[in-house]
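Quick note: the coordinates plus some simple rules give every number you see, no bench work behind them. All values derive from a computational prediction rather than experimental measurement. Note that each Cβ is placed from the backbone with ideal geometry, even for glycine, and that neighbours are counted across all protein chains shown.
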Amino acid sequence: IQDFSKAMSQAGSSQFQEVIRQELEYSMKIELDKILATAHSNEIEHTKKDLEGFKKLFHRFLQEKGPSVDWGKIQRPPEDSIQPYEKIKARGLPDNIASVLNKLVVVKLNGGLGTSMGCKGPKSLIGVRNENTFLDLTVQQIEHLNKSYNTDVPLVLMNSFNTDDDTKKILQKYSHSRVKIYTFNQSRYPRINKETLLPIAKDVSYSGENTECWYPPGHGDIYASFYNSGLLDNLIAEGKEYIFVSNIDNLGATVDLYILNHLMNPPNGKRCEFVMEVTNKTRADVKGGTLTQYENKLRLVEIAQVPKAHVDEFKSVSKFKIFNTNNLWIALSAIKRLQEKNAIDMEIIVNPKTLDGGLNVIQLETAVGAAIKSFENSLGINVPRSRFLPVKTTSDLLLVMSNLYSLNAGSLTMSEKREFPTVPLVKLGSSFTKVQDYLRRFESIPDMLELDHLTVSGDVTFGKNVSLKGTVIIIANHGDRIDIPAGALLENKIVSGNLRILDH
């Protein structure tokens, strides 16, 4: 229903709805006050900030009903609002690129756990390449920048209460590197019971059986928590002007000097407050959020906001050709201004979860890119696919560990020996989901330079120095096992059953 309250008032019950809303807000306030009352004196300040933020989000959640976009108002973005990267690169770099770099801060979203890949602890601490973790690679990249240009680009990690302790322990190992590292924490919000819409937490603690009661509210929380931490003001005082924000598991999100120069020295003299890197959709990205023109503003539309009748149209590669990589460049002064006016407007994402005991809860989240419409003079830049290299699964991990990429100063680049610039499609079955199982099944990572497509299902192991070319499909039947022998070359092959392949 487009406008819930309007529809209800036609039924003569809008006042009734309003009464229910007020009662829910009142009950929520009482519950949150009870939780706050259990906080120790040293926790009161930040718990209060967290619960205030949550209360605002909950208030908006009760006001909004139905999809948050009116599909009829969605338009293609105007030509000049999404610039091709080639055009920005063609401007070249000024001589004083170091002074431009000194205005930059790199922010990595580091709130996620490695649970989807069967790992405990922060995802950023999973080894991705030659024993290096996501965090190692990030630090190496920035250190390389600082050494090459004699600059001082700091790294800021936005942790969540799930990742903060483990991340801080590991940061000691970088104490001698040439990168200043700061951290701040995402808010901690209470999960609410889907039926009663009240918090399931009874007190402020979040250890033991209470871990399931709380959640970090999505990366859209960066604006409020960065501001509340005091770090935003400190960086502005140091003369920093832009942050480059990206997911720590996107190995393509390195600092791009051409984009930075475009921000600091805009060709028309008018600075952008917000730049979103987008890239062309492939069939694998049909669910990614896309940039549209909406009420004369650039706006990020996510699949969750699309009315059901239009989901197929949203997924179409021909109508919406690009998607958000979540590599964002944002002006610090603009974040401060908007945060102080409480003017950052992000759609609420309602994320339903079922807890281990079977209880249905919802968590209210926001996405960092959704704020684009609140900033002035925002811009999309259509970047090469190489700037979007996320590692979400072990299938992605296989690609970045393979000889498709070479590693240089923390940055992965596609090997020049690969004939075509696209990445092979890799689908590893459930026996490979967990990192430790995946590692156990490969004695060494196969040669994949000439691979187009790989599907592996069932109990399969790979010996040393296997080569995969073209399309390779390996399916072990239930209860059977396939061992690909050392040195095997599989080119356009389908292997099934319980074969132990010997000839090659």
Say the dipole of the range 425-472 comes from +1 at the beta carbon of Lys and Arg and -1 at that of Asp and Glu; which of Leu468, Val435, His453 then lies farthest toward its positive end?
-> Val435
Residues in the range 46-89, backbone N under 18 Å from the label point at Ser14 (7 Å along the Cα-to-beta-carbon vector): list them, ranges by number please.
-> 62-66
Quick one: plug the Kirkwood hydrodynamic radius of the range 401-504 (C-alpha pairs) into Stokes-Einstein at 20 °C, 1.002 mPa s, and report D in µm²/s.
-> 151
May I have the pair-distance distribution P(r) for the range 176-335, computed from all Cα-Cα distances with 10 Å bins from 0 and rounded to whole percent?
-> 8, 26, 31, 25, 9, 1
Which ³J(HN,Hα) values in Hz, rounded to whole numbers, follow from the phi angles of the range 356-361 under the Karplus curve 6.51 cos²θ - 1.76 cosθ + 1.60, where θ = phi - 60° and Gly and Pro get x?
-> 3, x, x, 6, 8, 10
Extreme residue, positive dipole direction of the chain, given options Val423, Ile142, Cys213 (C-beta unit charges) = Val423
Sparsely packed trypsin sites (Lys or Arg not before Pro) within the range 101-139, loop by DSSP, other Cβ within 10 Å at most 16 | Lys120
The base-10 log of I(q)/I(0) that the Debye equation returns for the range 335-436 at q = 0.12 Å⁻¹, one scatterer per C-alpha, is -0.77
Compute the distance in nm between two label points, each set 7 Å from the Cα along the Cα-to-Cβ direction, one at Asn408 and one at Leu93.
-> 1.3
Let me see the pair-distance distribution of the range 71-387: every alpha carbon pair, 20 Å bin width, integer percents in order.
-> 30, 60, 10, 0
Give the Rg (one decimal place) followed by the Dmax (whole number) of the range 67-128, computed from C-alpha coordinates and expressed in Å.
-> 20.2, 49
Dipole of the chain (Lys/Arg Cβ +1, Asp/Glu Cβ -1, origin at the Cα centre): which of Ser81, Leu359, Thr151 lies farthest to the positive side?
-> Ser81
Extension gain Lys464-Lys55, at 0.36 nm per residue separation less the Cα-Cα distance, in nm?
-> 141.7 nm
With N residues in the range 269-401, Rg(alpha-carbon) / (2.2 N^0.38 Å) equals 1.19
Net charge of Cβ neighbours under 13 Å - reference Arg178; Lys, Arg +1; Asp, Glu -1 = 0
So what's the net charge close to Ile82: Lys and Arg +1, Asp and Glu -1, counting the other residues with Cβ under 10 Å from its Cβ?
-> 0
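Within the set of other residues whose C-beta is less than 13 Å from the C-beta of Lys287, count the net charge using Lys and Arg as +1 and Asp and Glu as -1.
+1
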Dipole moment magnitude, nearest 20 debye, the chain about Cα centre, only Lys, Arg, Asp, Glu C-beta charged = 560
Find, to one decimal place in angstroms, the Kirkwood hydrodynamic radius of the range 75-184, where the mean of 1/r is taken over every pair of different Cα atoms and then inverted.
-> 16.2
Additional length obtainable on full extension of the chain from Arg385 to His453, 0.36 nm per residue less Cα span = 22.7 nm
Quick one: dipole size for the range 162-311, taken about the Cα centre, charges +1 on Lys/Arg Cβ and -1 on Asp/Glu Cβ, in debye to the nearest 20.
-> 320
With labels modelled as points extended 7 Å from the Cα through the Cβ direction, what inter-label distance (nm, one decimal) is found for Lys427 paired with Lys353?
-> 2.9
Run a plain Debye calculation on the range 43-87 (Cα atoms as equal point scatterers, no solvent) and give log10 I(q)/I(0) at q = 0.20, 0.30 Å⁻¹, rounded to two decimals, same order as the q list.
-> -0.76, -1.03
Taking a label point 7 Å from the Cα of Glu195 along the Cα→Cβ vector, which residues of the range 12-52 have an amide N closer than 17 Å to it?
-> none
